[in-house]
Amino acid sequence: MELTAGSIVAAPAWGEMETDCLAHVFRRLSLEDLAEAAPLVCRGWRRAAADPSLWRALDLRHDHVARFMPWSPLAAAFARRYGVARFTFAGFLRLCLARAGGSLSHLELPPLLSSPAAAELELVAANCPKLHQFALPPLLSSADEARLPELIPRWRHLQHLELESKPSSFPAVVAQLGTHCPGFSGLKTSGSIKPEDAASMAASLPGLRSLCLDSSYLPKQELLAILAGCKHLVDFSARNCVGFSEKDEEVIGRGARIERFEIGGSRFVDDEIMAGDDEFCGSSYVDVM
């Protein structure tokens, strides 16, 4: 109840609040509560929970195994409250994208539970025309990697792309980014950086502002080619790489113009060192090859 000058009036019920006010409150809810609990309280809450502003940024990587497996609490809640007999990540993603209504701008996908992931990637391509930041899952199938260049033109507003594992189609992906995404400025990936990969970045993304190649196999020649071609970099990271030394004076000199230039932990390894020193034959080297 609320006291006024001369009268007592009832405070408005939560369900009668303006949708934008409720949506502001709902920003504090977890994705799970927003998806499966809030819409069942009343019509007002259901309307507010579907507000596209709540679905514009989706981090689906956090604790993905516990969240999206068929035996997860989220799957049980959908079965109990909505009668969903078979909970799948693709179905949940479809729900999230429908709620976003084409306004989603930031998406981070978990390691996908289906392979190939064509259905999930097609959902994102078809429903996210305003996507600005996109983090793809690691270990895509060869078919999915081959399809990536075809999907890039559908994300013309893309500004930042994270490829946790460098796909085999990397040069073609970079070429499409340079052609179809005029505002593109940030790239993150890890893997074996080959001459054609370095050449594609230098030629197609000269305006790149941020580049992260941590834990990659990155020969010095490819590193210098990237630095020479991407002249507008302000943030560059190639930490814990194999192929060049963090103490290389030429590399340090080329990076001096870059505001944030981090190459700590990187080392050059030749065949003699690898044959004679077990320190360089561990999993960290094998992973980037």
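Spread over its residues, the convex hull of the C-alpha atoms of the stretch 169-253 is 77 Å³ per residue. Between the alpha-carbon centres of the stretch 142-175 and the stretch 121-141 there is a gap of 9 Å.
Note on the stretch 53-111: with neighbouring protein chains present and a 1.4 Å probe, carbon and sulfur make up 58 percent of its accessible heavy-atom surface.
Loop-located trypsin sites (Lys or Arg not before Pro) in the stretch 77-128 (DSSP state other than H, G, I, E, B) with a sparse environment of at most 11 neighbouring Cβ atoms within 10 Å: ARG86. The mean accessible area for residues of the stretch 41-164, using a 1.4 Å probe and ignoring ligands and nucleic acids, is 48 Å² per residue. Scanning residues 5 or more positions from LEU58 or on other chains, those with amide H under 5 Å from its amide H are HIS106, LEU107, GLU108, with H placed 1.01 Å from N in the peptide plane.
The values are calculated or read from the model by the stated rules, or taken from the named source; none is laboratory data. Quantities reported herein were computed from a predicted structural model and do not represent experimental measurements. Ideal geometry is used to build each Cβ from the backbone, glycine not excepted, and the neighbour counts take in all protein chains shown. Surface areas here come from the heavy atoms of the whole protein model, side chains and all, with no ligands, DNA or RNA. Shrake-Rupley method; radii C 1.70, N 1.55, O 1.52, S 1.80 Å.
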